[in-house]
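Here's the structure we're looking at; comments come further down.
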Amino acid sequence: MEQATKTKRKSGQFSSVMRSLRKNRMAMVGLVILILLILVAIFADFIAPYPYDQQDLMNMRALPSAEHIFGTDEYGRDIFSRVIYGSRLSLVVGFISVGIALVVGGILGAVAGFYGGVLDDIIMRCMDILLAIPQVLLAIAIIASLGNGLINLMIAVGISSIPSYARIVRASVMTIRSEEYIEAARASGTGDAKIIAKHILPNCLAPVIVQVTLGIANAILSCAALSFIGLGITPPSPEWGAMLSGARNYILTYPHLAVYPGLAIVITVLALNLLGDGLRDALDPKLKR
């Protein structure tokens with residue numbers, strides 16, 4: 001009976017959030033674009049007309065045409081195909097790096113907020129040290145020590161994002177830990193780990209969901225920035241930032257080389273930011289109209 005009541009309450013909360021989200025047109029635009037991007041990334045092998053690394057040295061830097069709708073790059077590779085495959089790389093980096101930051105930062109923030117005291121001071125001072133270093137600079141330092149590559153890029157972006165999630169979760173936990181149902185759980189002999197996992201973290205989801213949505217956008221930007229300066233995903237992988245880096249020498253003579261990967265970054269980040277703003281309004285009762 002109790003479980004059914006909880007399930008019904010959660011279903012009602014989810015329906016309320018979705019109703020609020022549907023009223024926000026810009027958030028729905030962002031959600032639709034994000035879903036389309038995910039579908040494009042999943043079915044890139046079927047959508048892209050050419051392999052992303054197929055070169056045509058007799059057709060280098062060709063302008064957009066019926067054969068190559070976005071034109072070709074400096075090696076004669078189809079830009080449309082590379083942008084399509086690039087969505088897969090960017091979304092993978094965004095989701096996995098944010099997942100790393102969320103898991104590690106969430107655990108640290110939950111422990112710091114729940115126990116407080118010396119443990120809280122140690123954890124949060126470490127987070128303050130990381131926050132004092134610009135995120136991209138910290139990611140550069142990590143990649144410089146680990147080396148280039150997709151996995152190292154995700155680790156670097158994830159580690160550099162940990163403090164943000166730790167602070168958000170800690171603030172939420174400190175607000176919740178004094179609630180009556182937490183005291184009741186303690187009185188019934190429930191262990192600390194179970195209280196954190198079952199009672200506290202589920203009630204911290206609202207701000208975390210918003211931060212995850214905005215964090216994916218920041219991770220994609222960081223990925224593009226690092227690849228642009230040669231510290232991210234290495235060629236011939238079709239990463240949008242690396243494509244911009246290769247196009248910068250031809251920006252005045254062949255602007256289409258930079259326009260399309262640049263638009264891909266702008267549209268993806270804009271969609272995630274619109275969705276994040278909509279989720280913030282839907283999940284925060286104070287912002288509901």
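The table that follows gives values for the structure above.
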quantity	calculated
Contacts under 8 angstrom Cβ, first residue in the stretch 114-138 being of a type outside the set (A, V, I, L, M), partner outside any helix (DSSP H, G or I), 6 or more apart	F114/R177
Residue match in the stretch 143-153 (condition: under 17 Å from G215 (Cα atoms) and in contact with a helix residue (DSSP H, G or I) (Cβ under 9 Å, 6 or more places away or on another chain))	yes
Some residue of the stretch 71-82 being part of a strand (DSSP E or B) and in contact with a Ser or Thr (Cβ under 8 Å, 6 or more places away or on another chain)	yes
Selection count, the stretch 141-180, where residues are without any contact (Cβ under 8 Å) to a residue 24 or more places away in the chain, in a helix (DSSP H, G or I) and of a type in the set (S, T, N, Q)	3
The one condition in (1) within 22 Å of L37 (Cα to Cα); (2) loosely packed, with under 15 Cβ neighbours inside 10 Å; (3) of a type in the set (D, E, K, R) that R280 fails to fulfil	(2)
Residue identified as assigned to a helix (DSSP H, G or I), of a type outside the set (D, E, K, R), in contact (Cβ under 8 Å) with a residue 60 or more places away in the chain and crowded, with 16+ Cβ neighbours inside 10 Å among L244, L221, L272	L272
Residues that are without any contact (Cβ under 8 Å) to a residue 12 or more places away in the chain and part of a helix (DSSP H, G or I), drawn from the stretch 43-55	D45, F46
Extreme residue, nearest to V83 (Cα to Cα), among residues of the stretch 227-265 that are out of contact with any Lys or Arg (no Cβ under 6 Å at 6 or more places or on another chain) and among the hydroxyl-bearing types (S, T, Y)	Y260
The stretch 83-115: number of residues that are aromatic (F, W, Y) and farther than 30 Å from Y52 by Cα	2
Total residues in the stretch 105-140, condition surrounded by fewer than 15 Cβ atoms within 10 Å (Cβ to Cβ), under 22 Å from the mean Cα position of the chain (by Cα) and assigned to a helix (DSSP H, G or I)	2
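Every number here is computed from the coordinates shown, using simple stated rules; none is lab data. Computed from a predicted model, the values in this text were never measured in an experiment. Heads up, the Cβs are rebuilt from the backbone with ideal geometry, glycines too, and the neighbour counts pull from every protein chain shown.
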